[in-house]
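The values are calculated or read from the model by the stated rules, or taken from the named source; none is laboratory data. Source: prediction; values computed, not measured. When we count neighbours, we look across all protein chains shown, and the Cβ atoms used for this are built from the backbone with ideal geometry, even at glycine.
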Amino acid sequence: MEKKYSTIDWENLTFSFRETDRMYISNCKQGEEWEIGNMQDFQNLSISPAAGVLNYGQGLFEGMKAYRAIDGSVVLFRPKENAKRMQMGARRLGMPEVPEDIFIDAVIRSVQENSRWIPPAGKGTLYIRPLLMGSGPILGVSPAPEYTFLVYVSPVGPYFKGGLKPTSLKISENHHRAAPGGSGGVKAIGNYAPGMVPSKNAKSEGFAEIIYLDAVNHKYIEEVGAANFFCIKNGVISTPELTGTILGGITRLSIIELARSKGYEVREEKIDVEYALTADECFCAGTAAVVSSIGSIKHGDIVVEFCNGGVGEITRDIYDSLVSIQNRKSEDVFGWMMEIDV
Ligand code: PLP
Ligand code: COI
């Protein structure tokens, strides 16, 4: 079926789903090896109503991007880290781990067979969504007998409307994202639905997203809806330490390495919300969010503005340094980028 490619307005891409041409799919029975997967036309799945993923949320996803670099090449950013994170999640949710070579091959083939959907350099990226789920039927609450791993892609623009333009965020006073011992540290699909109503409510009040505090003390910053949190005070960059309730973002990890290499002091620590509210700059970071400057935070009745609503100097430096590596404007000294033949 011909997809509506000709109607794409590359200048005004948003972070929304657009059906593309092809998808990767592979299956595995519990206790057996993953079969070699296939590329097929993008299509609906046929799945048992008793599938583990539909009944008990036994599923994981990943989020990655293929970038059209300024030299015209197509590159992935640290794809092995996504493979590793999905394996960690699979162990937590009792699913068979997808071997790294199968994961990377699936991602590469999905990009190659949808290459016409990769936005021109600087206009957007091809978002890659690997999914791993318990697709076999199960009535008792236990791991499904069969699993599906698939990859689909969609061209996207900025996650936050306005790109780097500072966003207004709100601390969630009544909801938490994850509790110790739960699944917050992995990209479980079930971590996201409970955040939808709090996030929708915040958006209806004019905020771009919410910031979650920890579920035990309601005191320490955890993360922003679907991105990690950073704040900067007196030139020191701080981000919440990974204690199992926060998703270990690959962008987060990369910013820590990048900022240290540029001579900044970076601390992974508990960040008391009161400390963050006195910071000089705040931003959040993730694959979809990239580096998004935070212009203000509302906590209870208090609203604190950062950098007079502008983008902080260090935030901009981190953004520029990261994006320049991703679009190959600057040298990939860390060896993070993987080029794909398209
Ligand atoms: N935190 C959550 C809850 C997320 O969903 C994401 C997005 O993947 C991130 C943080 C950032 O992770 P990454 O940088 O790997 O995209
Ligand atoms: C990503 O940054 O890739 C994410 O997974 C965020 C997503 C929930 C929109």
Inset, instruction - Could you please find all residues in the stretch 44-61 being closer than 22 Å to VAL153 by Cβ and under 24 Å from the mean Cα position of the chain (by Cα)? - result: ASN44, LEU45, VAL53, GLY59, LEU60, PHE61
Inset, instruction - Give the residue, chosen from THR315, THR239, that is buried (at least 21 other Cβ atoms within 10 Å of the Cβ), modelled with pLDDT of 95 or more and away from ligand 1 (no atom under 13 Å from the Cβ). - result: THR315
Inset, instruction - Evaluate the stretch 27-47: report whether one residue or more is within 16 Å of ligand 2 (Cβ to nearest atom) and touching a strand residue (DSSP E or B) at 6+ places or on another chain (Cβ under 9 Å). - result: no
Inset, instruction - From (1) within 16 Å of the chain's Cα centre (by Cα); (2) within 15 Å of GLY295 (Cα to Cα); (3) small (Gly, Ala, Ser), pick out the condition that doesn't hold for SER168. - result: (1)
Legend entry - Scan of the stretch 36-81 for residues that are of a type outside the set (A, V, I, L, M, F, W, C) and closer than 14 Å to TYR24 by Cβ, ordered by number: GLY37, ASN38, GLN40, ASP41, GLN43, GLU62, PRO79
Legend entry - Residues satisfying the stated conditions in the stretch 267-288, i.e. within 16 Å of ligand 2 (Cβ to nearest atom) and surrounded by fewer than 23 Cβ atoms within 10 Å (Cβ to Cβ): GLY286, THR287, ALA288
Inset, instruction - Within the stretch 150-179, count every residue that is surrounded by fewer than 19 Cβ atoms within 10 Å (Cβ to Cβ), more than 16 Å from ligand 1 (Cβ to nearest atom) and not basic (Lys, Arg). - result: 6
Legend entry - Single match in ALA90, ALA69 (criterion: over 17 Å from SER135 (Cβ atoms), of a type outside the set (Asp, Glu) and more than 16 Å from ligand 2 (Cβ to nearest atom)): ALA69
Legend entry - Residues of the stretch 58-85 satisfying the condition of being farther than 14 Å from VAL111 by Cβ and hydrophobic (A, V, I, L, M, F, W, C): LEU60, PHE61, ILE70, ALA83
Inset, instruction - Answer yes if at least one residue in the stretch 271-294 is farther than 29 Å from THR14 by Cα, among the aliphatic types (A, V, I, L, M) and out of contact with any strand residue (DSSP E or B) (no Cβ under 7 Å at 6 or more places or on another chain), and no otherwise. - result: no
Inset, instruction - Evaluate the following for MET64: is it among the hydrophobic types (A, V, I, L, M, F, W, C) and within 16 Å of ligand 2 (Cβ to nearest atom)? - result: yes
Inset, instruction - Take VAL216 and decide whether it is closer than 29 Å to GLU62 by Cα, over 22 Å from the mean Cα position of the chain (by Cα) and of a type in the set (A, V, I, L, M, F, W, C). - result: yes
Legend entry - Residues of the stretch 186-195 satisfying the condition of being part of a loop (DSSP other than H, G, I, E, B) and crowded, with 20+ Cβ neighbours inside 10 Å: VAL186, LYS187
Inset, instruction - Could you pull out the residue among ASN201, ASN114 that is free of Cβ contacts under 8 Å to residues at least 40 places away in the same chain and over 20 Å from the mean Cα position of the chain (by Cα)? - result: ASN201
Inset, instruction - Taking PRO155 as the residue in question, decide whether it is more than 21 Å from PHE207 (Cα to Cα), in a strand (DSSP E or B) and in contact with an Asp or Glu (Cβ under 6 Å, 6 or more places away or on another chain). - result: no
Inset, instruction - Mind listing whichever residues of the stretch 251-266 are more than 14 Å from ligand 2 (Cβ to nearest atom), under 21 Å from the mean Cα position of the chain (by Cα) and among the charged types (D, E, K, R)? - result: GLU257
Legend entry - Count - residues of the stretch 6-29 that are surrounded by fewer than 17 Cβ atoms within 10 Å (Cβ to Cβ) and in contact with an Asp or Glu (Cβ under 9 Å, 6 or more places away or on another chain): 2
